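What follows draws every value from the coordinates through simple rules; no lab data is involved. All values reported here derive from a predicted model rather than from experimental measurement. Here Cβ is always computed from backbone atoms with ideal geometry, including for glycine, and neighbour counts include all displayed protein chains.
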Amino acid sequence: MTELEALEVAISIAGGPTALSRKVTELATKEGTLPPGRGIKQQHITNWRHREKRCSAKYARFVAMAVNNKVTAHQLRPDLYPPDALSA
């Protein structure tokens with residue numbers, strides 16, 4: 001699965017780009033990565049999908065968490081996250 005395919009699957013599992021942006025915002029805010037009142041917008045997700053062709057490095061872990069790791073951070077950004085040791 002390519003990085004773009006992994007992102008597409010995550011978007012689908014989440015219920016669309018708007019739903020994914022809300023979930024990522026909630027998770028990143030709870031962890032302190034995003035300050036209160038700031039957020040990932042639907043347009044960010046659309047830009048990752050159509051412009052960058054992959055998930056933002058900063059938010060790949062939160063995207064994975066938002067879909068209960070049905071798409072892993074490694075699948076979204078294999079350049080940054082090693083494969084899970086248990087699946088090796």
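For region 17-40, the count of residues that are surrounded by 20 or more Cβ atoms within 10 Å (Cβ to Cβ), closer than 16 Å to Leu4 by Cβ and touching a residue at least 40 places away in the same chain (Cβ under 8 Å) is nonzero.
Within region 29-88, being over 13 Å from the mean Cα position of the chain (by Cα), within 21 Å of Gly15 (Cα to Cα) and hydroxyl-bearing (Ser, Thr, Tyr) holds for one residue alone: Thr29. Here His74 fits the description: touching a helix residue (DSSP H, G or I) at 6+ places or on another chain (Cβ under 9 Å), within 12 Å of Leu7 (Cα to Cα) and of a type outside the set (Gly, Ala, Ser).
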